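First up is the structure itself, then whatever we jot down about it.
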Amino acid sequence: MAERMVKADKGSKCSCTALRKATRRVSQLYDTALAPSGLKTTQRAILAQIGRSEPTTVGRLANALVMDSGALAHTLKPLERDRLVAIAIDPDDRRNRLITLTRQGRAKLSESDVLWAKAQSSFEAAFGRVESDSLRAALRLLVSDQFSSVFEEALSN
């Protein structure tokens, strides 16, 4: 289905550029879908990951989201300000901060679930269900340590 939508313009052969452009476009579409909740796609992804792994540390959360810890800390500030997440000192290791969802954070995440599901079904309608499953599988490979190792090895040759 997606092949029929692509115009004759092939664009750049750079995989990084193509991925970044696609990511920006899809993020814009999901942000529009999530707008009634007041959350951006990045914020919802963070809340969802915290919900799956709480309590968690900035380092573990950054690793799970494939983000830089500094960028994540910056992104967490408005979520903490809006009382969607709580950040406390880890009693077992005072150097770490433990991140959890607050009651308001759980409610906001739940509120956004219907909007996210609509965005997800819209994506699959536009791209195709089988193609969407294949895309997610390919993207899981791209964020894997295996891919990173092979890429870095090839880069050094």
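The values are calculated or read from the model by the stated rules, or taken from the named source; none is laboratory data. This is a predicted model, so every value here is computed, not measured. Note: ideal-geometry Cβ built from the backbone for every residue, glycine included; neighbour counts use all protein chains shown.
Applying a threshold of 7 Å to beta carbon distances and a minimum spacing of six or more residues, or different chains, the list of pairs starting in the range 60-78 at a residue that is farther than 19 Å from ARG95 by Cβ and ending at one that is surrounded by 12 or more Cβ atoms within 10 Å (Cβ to Cβ) and of a type in the set (A, V, I, L, M) reads LEU65/ALA45; LEU65/ILE46; LEU65/LEU72; THR75/ILE46.
Would you please name the residue that is modelled with the highest pLDDT, looking only at residues in the range 34-77 that are aliphatic (A, V, I, L, M) and assigned to a loop (DSSP other than H, G, I, E, B)?
Initially, the range 34-77 is screened for residues aliphatic (A, V, I, L, M), giving 34-35, 39, 45-48, 50, 58, 61-62, 64-67, 71-73, 76.
From what's left, assigned to a loop (DSSP other than H, G, I, E, B): 39, 66-67.
On the way: LEU39: 96, VAL66: 93, MET67: 93.
By that ranking, first place goes to LEU39.
Considering the range 82-117 alone, what residues qualify as being in contact (Cβ under 8 Å) with a residue 12 or more places away in the chain, over 18 Å from THR56 (Cβ atoms) and acidic (Asp, Glu)? Scanning the range 82-117 gives ASP82, GLU111.
Contact map, the range 12-25: residues that are more than 15 Å from THR41 (Cβ to Cβ) paired with residues that are surrounded by fewer than 10 Cβ atoms within 10 Å (Cβ to Cβ), Cβ distance under 8 Å, separation 6+ or inter-chain. Pairs shown: ALA18/SER12.
Restricting to the range 122-133, what's the tally of residues that are surrounded by fewer than 13 Cβ atoms within 10 Å (Cβ to Cβ) and of a type outside the set (A, V, I, L, M, F, W, C)? Outline the logic, then answer.
From the range 122-133, those surrounded by fewer than 13 Cβ atoms within 10 Å (Cβ to Cβ) are 125, 129-130, 133; that's our starting set.
Right, trim to of a type outside the set (A, V, I, L, M, F, W, C) and you get 129, 133.
Total satisfying the criteria: 2.
Please determine, by comparing only the residues of the range 119-134 that are of a type outside the set (Gly, Ala, Ser) and within 17 Å of the chain's Cα centre (by Cα), which one is nearest to LEU47 (Cα to Cα). Among residues in the range 119-134 that are of a type outside the set (Gly, Ala, Ser) and within 17 Å of the chain's Cα centre (by Cα), the one nearest to LEU47 (Cα to Cα) is GLN120. Residue count for the range 78-107 under the criterion of being under 18 Å from PRO55 (Cβ atoms), modelled with pLDDT of 95 or more and either of a type in the set (Asp, Glu) or part of a helix (DSSP H, G or I) (or both): the result is 6.
The C-beta contact set for the range 136-156 (first residue in a loop (DSSP other than H, G, I, E, B), second residue modelled with pLDDT of 95 or more, distance under 8 angstrom, 6+ apart or interchain) is empty. Considered as a group, the residues in the range 53-93 that are within 13 Å of the chain's Cα centre (by Cα) and surrounded by fewer than 12 Cβ atoms within 10 Å (Cβ to Cβ) include one that is nearest to GLN120 (Cα to Cα), and that residue is VAL66.
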